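Q: First, the structure itself, so that you have it in front of you.
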Amino acid sequence: MMTIAEKILARASGQKSVQPGDYVTARIDVAMMPSNIHAAVRKFGEAGITGASLTLWDREKVVAALDHGVPVATVHGAESHKTARKSAEKLNVKYFYDVQEGICHQVIHEKGHVRPGQLIVGADSHTTTYGALNVAATGIGISEMTYVLQTGELWFRVPETIKIEVTGKLPRYCFSKDIILYVAGKYGTDVAQYRSIEWRGMGIDAISMDGRFTMANMSVELGAKFGIFRVDAKTIEYLKKHTDKEYEAVESDSGAVYAETYIVDGSAMEPQVALPHNVGNVKPAKEAGDIRIDQAQIGSCCNGRMEDLETAAKIIKGKKVHPGTRFYVAPASWEIYKEASARGIFNTLVEAGALICGPYCGFCTGYDAVLAAGDNCISATTRNFKGRMGSPDANIFLGTPATVTASAITGRITDPREVM
């Protein structure tokens, strides 16, 4: 009897069954590299692998994307991008997505490289995003990735699986990120340390694919090795739009053993906010206090999807951004950018005083819209670590796009229900 993660690792390692604690050598279905592909080429060189030996194990299974520092703002950044492009050429990468596409964790499944049942590794911690499509996906270091690119395999310790069951449908103006923040606040950011999470329950079934990508993405903020969802009609509909390749959905056995089971009442959920400087430092937004907001931002691999932009536009329509607040919005990909533009979403946001940016990782990683000392920023991104977005003397708060938008309107941390 196995969980989803155990089944995927058993299949990938050619075994009939595995159990938590086993060590396996597994074949990788897809390897993803963001802007750091040049680091892998450097590692190859350090290992003496050059010339004709500098090859990928399977060109069909490697995806790379330039998404950090876009557009480049420094000579160092420009040189880094130039080196990355040359490195992709050296490695003969077939699926190399340059700055015209968007953030790697969105582009990879938009382009159909992610399918249920796969084992995927990426040279970025938020590779867990792909778990929304019934995938065991995890981030690895550059040395591990270099090994994968050459051999197509990697060792794993089979993780325990925990089940987080969300009962009841989320109330209006509550979203999937509120669940993640609530879990981080109640159970801690290490609740899933080197464990696989299975997200289950009626509340999960009601969440959109955009919302599931957000939850899978932030599963790593709970310490998770994988954050996996089952396949349902919403998954199938998404896959139909993005790939015509075959796949096999994976479901846990009825007798599968879970290390822990946590029950979250989705119907009782309220908009949540993570306070500095920890994702687990969480309160309901209405209890955050009268905290001034200098900058609000929506974007990144976490919350730059259509549902997020639609929500922001709906809340801010007919209103204005607070004069003391800067409100930045960046879609996660150019595909999303074009759709939002065609549907008039950007017009609504711009008329209210928001600034629209291109698809990139700038907000989340401090490449752009950098914070000054004393700034308070509320962000629909992944992390609020000290100094992540600029000055170590700035404060970063995390919330859903709804909470971020409401806060941009009032100029203070605000429960979105207050402005509707």
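The values are calculated or read from the model by the stated rules, or taken from the named source; none is laboratory data. Please read all numbers here as calculations on a predicted model, not as lab measurements. Note: ideal-geometry Cβ built from the backbone for every residue, glycine included; neighbour counts use all protein chains shown. Remember, those area values only see protein heavy atoms, side chains included, never the ligands or the DNA or RNA. Shrake-Rupley method; radii C 1.70, N 1.55, O 1.52, S 1.80 Å.
Q: What about residue 85, is it at pLDDT below 90, open to solvent by 70 Å² or more (accessible area, probe 1.4 Å) and either part of a strand (DSSP E or B) or among the basic types (Lys, Arg) (or both)?
A: On the way: at pLDDT below 90: no; open to solvent by 70 Å² or more (accessible area, probe 1.4 Å): yes; either part of a strand (DSSP E or B) or among the basic types (Lys, Arg) (or both): yes.
So residue 85 does not fit the description; no.
Q: I'd like to check something: does the range 229-240 contain any residue that is polar (S, T, N, Q) and in a loop (DSSP other than H, G, I, E, B)? Working first, answer last.
A: The first filter runs over the range 229-240 and keeps only residues polar (S, T, N, Q), leaving 235.
Still in the list and also in a loop (DSSP other than H, G, I, E, B): none.
No - not one qualifying residue is present in the range 229-240.
Q: Mind counting the residues in the range 217-245 that are among the hydrophobic types (A, V, I, L, M, F, W, C) and either within 22 Å of residue 281 (Cβ to Cβ) or modelled with pLDDT under 95 (or both)? It would help to see each step written out before you state the result.
A: Initially, the range 217-245 is screened for residues among the hydrophobic types (A, V, I, L, M, F, W, C), giving 218, 220, 222, 224, 226, 228-229, 231, 233, 236, 239.
Subsequent filtering for residues that are either within 22 Å of residue 281 (Cβ to Cβ) or modelled with pLDDT under 95 (or both) retains 218, 220, 222, 224.
Number of matching residues: 4.
Q: Could I ask something else about it? Which residue is nearest to residue 96 (Cα to Cα), if the candidates are limited to the range 1-27 and must be open to solvent by less than 10 Å² (accessible area, probe 1.4 Å) and either without any contact (Cβ under 8 Å) to a residue 40 or more places away in the chain or in contact with a Lys or Arg (Cβ under 6 Å, 6 or more places away or on another chain) (or both)?
A: Of everything passing the filter in the range 1-27, 12 is nearest to residue 96 (Cα to Cα).
Q: Turning to a different aspect of this structure: Of everything in the range 267-307 that's surrounded by fewer than 24 Cβ atoms within 10 Å (Cβ to Cβ) and of a type in the set (Gly, Ala, Ser), which residue is modelled with the lowest pLDDT?
A: Per the criteria, the residue is 289.
Q: Okay, moving on. Going by the structure shown, is residue 98 touching a residue at least 60 places away in the same chain (Cβ under 8 Å) and within 26 Å of residue 151 (Cα to Cα)?
A: So residue 98 fails the test.
Q: So, of the residues in the range 132-169 that are in a loop (DSSP other than H, G, I, E, B) and open to solvent by less than 30 Å² (accessible area, probe 1.4 Å), which turns out to be nearest to residue 63 (Cα to Cα)?
A: Only one residue fits best here, namely 152.
Q: Considering only residues of the range 28-82 that are of a type in the set (S, T, N, Q) and within 18 Å of residue 365 (Cβ to Cβ), which is surrounded by the most Cβ atoms within 10 Å (Cβ to Cβ)?
A: Here the answer is 35.
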